[in-house]
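Notes follow the structure.
The values are calculated or read from the model by the stated rules, or taken from the named source; none is laboratory data. Small disclaimer: the values here were computed from a predicted structure and weren't measured. Every residue, glycine among them, receives a Cβ derived from its backbone with ideal geometry; neighbour counts consider all protein chains shown. These area figures cover heavy atoms from the full protein model, side chains too; ligands, DNA and RNA do not enter into them. Shrake-Rupley method; radii C 1.70, N 1.55, O 1.52, S 1.80 Å.
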Amino acid sequence: MSQQRINRRWLYVQRPAHESTAEHYQLDETTPAPTPADGELLIQAVWFSVDPYMRIQQSSFRTWEAPHPLNTVQGGGVVGVVVESRSPAFAPGDYVSAYTGWQLYATVAASAVRKLNPKDAPIEYSLGVLGMPGRTAYFGLLDAGKPKAGETVVVSAASGAVGLLVAQIAKIQKCRVVGIAGGQEKCNYLKSLGLDEVIDYKALPRSKDDVDYDAILAALKQACPQGVDIYFDNVGGTTTDAVFNLINLRARVIICGQITQYNGKLDSVEMGPRFLHRLIYTRATIQGILARDYVDRMDEMLPVMIDWLNSGKLKYEQTVVDGFEQLPSALNALFHGKNVGKMLVRA
Ligand SMILES: NC(=O)c1ccc[n+]([C@@H]2O[C@H](COP(=O)([O-])OP(=O)(O)OC[C@H]3O[C@@H](n4cnc5c(N)ncnc54)[C@H](OP(=O)(O)O)[C@@H]3O)[C@@H](O)[C@H]2O)c1
């Protein structure tokens, strides 16, 4: 019976001023697992997603939704196994992807989950290449970026969950791809995937708490002799400031993420160079993208991504941290570049 199961829950209890660490959470191990109502499932989480957006939601202002409320379970995507079903569409043992956050057990409406078939792909791929990050990369690049063969595409955080996919999809589109990542090992890996140029921003001088503007600009000029047609921005900060010097006629700048800003800078505006005048001469566009806008187009993406994975055109990487208790530190590790590809926590 579910009443005999004791839940484990990471409650988000304090807004961080800078990095988010375990002190901003409380581990509750005293609450019984909930009981499903009609039409609901009780699921036990097997895989947890950790994503940079979680840090955005910990800020105190409204983004695409209200700030994450304090003293509630940290939200997030999971893959779970059904342990009790009060829906005819699911049976115990079925795997589902759900948004039930950092807790071991949760009840969820059957209509709010996606059933996973382990024969199609490893179940945890639904949190990465076949889920939200995959959708962001696929539609962000193809729908918003509209790449054409031969164009130069620059991708920041190129070795991460989204960036690694963007870089490879851009290569599949026959673009010239320049990846920016932290560390020689990551850059070597990106080169092995066929990227045309890589920039190790961590090998460049720093200024304040970001890569030095002149240094990243010089590296970008060298890597992009024909300028930049698409900039897929995952980081913001001085890297993005520098890219604007190189944008071509009708370039597309896709603002996917601004991870340099999430640890405290969202709440206090930081001014960078004023580059919007460049949009006049180039008639370039800047577009923000949001994964949720493409949820209804998953059926369009999944067969293509699965085909690329099966044919080896697309390599997929995951960094797995073991242990429910590691969730807060795994989230913060994203901000120190500890991952290659999708960061996951295994329960
Ligand atoms: N718009 C949307 O709907 C949407 C959806 C998903 C993700 N995103 C955004 O896309 C970006 C990537 O997300 P992800 O899930 O794929 O994460 P990720 O890239 O797997 O992990 C974050 C990476 O960012 C890099 N990074 C961390 N701090 C940095 C800094 N100060 N300067 C430069 N690079 C830094 C690290 O790589 P290095 O070792 O290279 O530093 C780290 O591995 C994030 O900004 C995220 O918010 C947006």
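Numbers at a glance
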| read-out | value |
| --- | --- |
| Filter result (without any contact (Cβ under 8 Å) to a residue 60 or more places away in the chain and away from the ligand (no atom under 11 Å from the Cβ)) within the range 322-347 | D322, G323, Q326 |
| Residues of the range 237-258 classified as within 13 Å of the ligand (Cβ to nearest atom) and over 12 Å from I180 (Cβ atoms), total | 6 |
| Filter result for S97 (within 25 Å of L130 (Cβ to Cβ) and open to solvent by 10 Å² or more (accessible area, probe 1.4 Å)) | yes |
| Boolean, L302 is within 14 Å of the chain's Cα centre (by Cα) and either part of a helix (DSSP H, G or I) or free of Cβ contacts under 8 Å to residues at least 24 places away in the same chain (or both) | no |
| Within the range 288-297, considering residues that are assigned to a helix (DSSP H, G or I) and either within 14 Å of the ligand (Cβ to nearest atom) or at pLDDT below 95 (or both), the one surrounded by the fewest Cβ atoms within 10 Å (Cβ to Cβ) | V295 |
| Any pair with Cβ under 9 angstrom, 6 or more apart, that starts in the range 118-136 at a residue that is more than 21 Å from F232 (Cα to Cα) and ends at one that is in a loop (DSSP other than H, G, I, E, B) and among the aliphatic types (A, V, I, L, M) | D120/L130; A121/V129; A121/L130 |
| Top-ranked residue of the range 247-262 - restricted to ones that are without any contact (Cβ under 8 Å) to a residue 40 or more places away in the chain and open to solvent by less than 30 Å² (accessible area, probe 1.4 Å), ranked as farthest from D143 (Cα to Cα) | Q261 |
| Criterion violated by T63 - all others in (1) more than 20 Å from the chain's Cα centre (by Cα); (2) open to solvent by 10 Å² or more (accessible area, probe 1.4 Å) satisfied | (1) |
| Condition check for L334: part of a helix (DSSP H, G or I), closer than 30 Å to Y12 by Cβ and at pLDDT 95 or above | yes |
| Qualifying residue in the range 312-321 (condition: open to solvent by less than 70 Å² (accessible area, probe 1.4 Å), part of a helix (DSSP H, G or I) and within 16 Å of the ligand (Cβ to nearest atom)) | no |
| Test: residue in the range 264-287 that is near the ligand (Cβ under 9 Å from one of its atoms) and either in the same structural domain as G183 (by TED's automatic domain parsing) or surrounded by 18 or more Cβ atoms within 10 Å (Cβ to Cβ) (or both) | no |
| Subset of the range 151-178 [on the phi > 0 side of the Ramachandran plot and within 14 Å of the ligand (Cβ to nearest atom)] | A157 |
| Enumerated helices (runs of 4 or more DSSP H) restricted to the range 147-245, each holding at least 3 residues that are open to solvent by 60 Å² or more (accessible area, probe 1.4 Å) and over 18 Å from K342 (Cβ atoms) | 184-192, 213-223 |
| All positions within the range 161-185 that are in contact with a Ser or Thr (Cβ under 7 Å, 6 or more places away or on another chain), free of Cβ contacts under 8 Å to residues at least 60 places away in the same chain and among the β-branched types (V, I, T) | V178, I180 |
